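Report on the following structure.
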Amino acid sequence: MKHHLHFVRELPNPDSVKALMPVPSALKSLKEKRDQEIQSIFRGKDSRFVLIIGPCSADRQDAVLDYLERLRRVQDQVADKIYIIPRIYTNKPRTTGDGYKGMLHQPNPTQHSDMLRGILAIRELHLKALVQTGFTCADEMLYPENYVYLNDLLAYVAIGARSVEDQQHRLISSGLDIPVGMKNPTSGDNSVMLNAILAAQHHHTFTYRGWEVHSSGNPCAHAILRGYVNKLGQMQPNYYYEDLLRLEADYHKQGLENPFVIVDANHSNSGKQYLEQIRIANDVMNSRRLQHSLAKLVRGLMIESYLEDGCQQISENGIYGKSITDPCLGWEKTEKLILELAEQL
């Protein structure tokens, strides 16, 4: 009988990868400090506005670290009002399964998949981000079993629109000690997202990486609004004032802890028109000013930005710092937007 699942090689366990690239002891306290600051924000004890910002996909180490070093300088200017958690998204869900799946799969986007090199590459990138810029960063949890390769480095985890209804993602989220953002599904059904948050905020017993495990619940699980696709296949926004008020009511009806929403300014909210992110960010800030309760509910933005505007096809001679997945805001527009947001807070 022919088997269609071919086992290539056994991958190293997380402990061995961490031993190969450990977090320097001097930086462990910095990681703990950032964790405490972020927890304070997501629990409502710190009023700073969260900005989860960075490339759609972390495609190459040099350009990502260049971007983060620039971001560090801007963070220092706005530190009293905005708390930046950079995006280092190392694995990408694909609607059809085709296309570039991120650094975890392809450390070099022009070469074939190599998961072993990918695991090492993503840990090295997150580690260098901490060492060189002092940032602990956000990643999307596409594969729950891979979280432990990075759990001593990550500041924030997002559960994507295609994963939010998956039971394993919800259960793992309930055991994480960092905030987890649950995106609304591509259908736009907020009840799916709210059920995911409810599941993540409660304790569970389940299997994970061959173990029976118990989770204690994650009070910092929260909503991310990213727009949706209607039955005609058209992208629709869900960041408007009325959408935010509706979600606020649903949050309270569900009895969820720590109502907290981040608006994703790209994806279906912008129709993947990356320049619209500037207008959307300002629209959200205006909604917060119009309604006091929304200022407490909507506590952050997610923005896709990189060194260069737009996006490009994958090639050997690609433009440095230009996205190879969704189009992003370039650096000049990004810096200007962050400073303008700080002035509104």
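Residue count for segment 283-306, restricted to those that are of a type in the set (S, T, N, Q) and touching a Leu at 6+ places or on another chain (Cβ under 8 Å): 3. I'm checking my understanding of the structure. Among residues of segment 232-268 that are of a type in the set (Gly, Ala, Ser) and assigned to a helix (DSSP H, G or I), which one is farthest from residue 203 (Cα to Cα)? Once the filter is applied, the top-ranked residue is 268.
Which members of segment 106-128 meet the condition of being of a type outside the set (Ser, Thr, Tyr), in contact with a Gly (Cβ under 9 Å, 6 or more places away or on another chain) and more than 16 Å from residue 55 (Cβ to Cβ)? Scanning segment 106-128 gives a single hit, 118.
Conditions tested, residue by residue: (1) small (Gly, Ala, Ser); (2) assigned to a helix (DSSP H, G or I); (3) at pLDDT below 95; (4) within 19 Å of residue 76 (Cα to Cα).
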| position | (1), (2), (3), (4) |
| --- | --- |
| 9 | no, no, yes, no |
| 23 | no, no, no, no |
| 26 | yes, yes, yes, no |
| 39 | no, yes, no, no |
| 46 | no, no, no, yes |
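Taken over segment 312-345, residues that are assigned to a helix (DSSP H, G or I), of a type outside the set (S, T, N, Q) and surrounded by 17 or more Cβ atoms within 10 Å (Cβ to Cβ) amount to 6. Answer yes if at least one residue in segment 175-182 is buried (at least 21 other Cβ atoms within 10 Å of the Cβ), modelled with pLDDT of 95 or more, farther than 30 Å from residue 62 by Cβ and not β-branched (Val, Ile, Thr), and no otherwise. Yes, segment 175-182 has at least one match.
Is it the case that residue 149 is at pLDDT 95 or above and of a type in the set (Phe, Trp, Tyr)? The answer is yes for residue 149. When segment 195-213 is limited to residues that are farther than 27 Å from residue 43 by Cα and not in a strand (DSSP E or B), the one that is farthest from the chain's Cα centre (by Cα) turns out to be 210.
Within segment 245-272, the set of residues being in contact with a strand residue (DSSP E or B) (Cβ under 6 Å, 6 or more places away or on another chain) and under 30 Å from residue 310 (Cβ atoms) comprises 261, 262, 263, 264, 265, 266, 268, 271.
Tallying residues that are in contact with a helix residue (DSSP H, G or I) (Cβ under 6 Å, 6 or more places away or on another chain) and over 23 Å from residue 147 (Cβ atoms) within segment 1-47 yields 1. Do we find a residue being out of contact with any Leu (no Cβ under 6 Å at 6 or more places or on another chain), in a loop (DSSP other than H, G, I, E, B) and over 19 Å from residue 336 (Cα atoms) anywhere in segment 75-86? The answer is no, given that none of the residues of segment 75-86 is out of contact with any Leu (no Cβ under 6 Å at 6 or more places or on another chain), in a loop (DSSP other than H, G, I, E, B) and over 19 Å from residue 336 (Cα atoms). Residue pairs whose Cβ atoms lie under 7 Å apart, sitting 6 or more positions apart in sequence or on different chains, and linking a residue in segment 244-255 that is under 22 Å from residue 289 (Cβ atoms) to a partner that is in a helix (DSSP H, G or I) and among the small types (Gly, Ala, Ser), are 244/287; 248/293.
The values are calculated or read from the model by the stated rules, or taken from the named source; none is laboratory data. Computed from a predicted structure; not experimentally measured. Neighbour counts run over all protein chains shown; Cβ positions are idealised from the backbone, glycine included.
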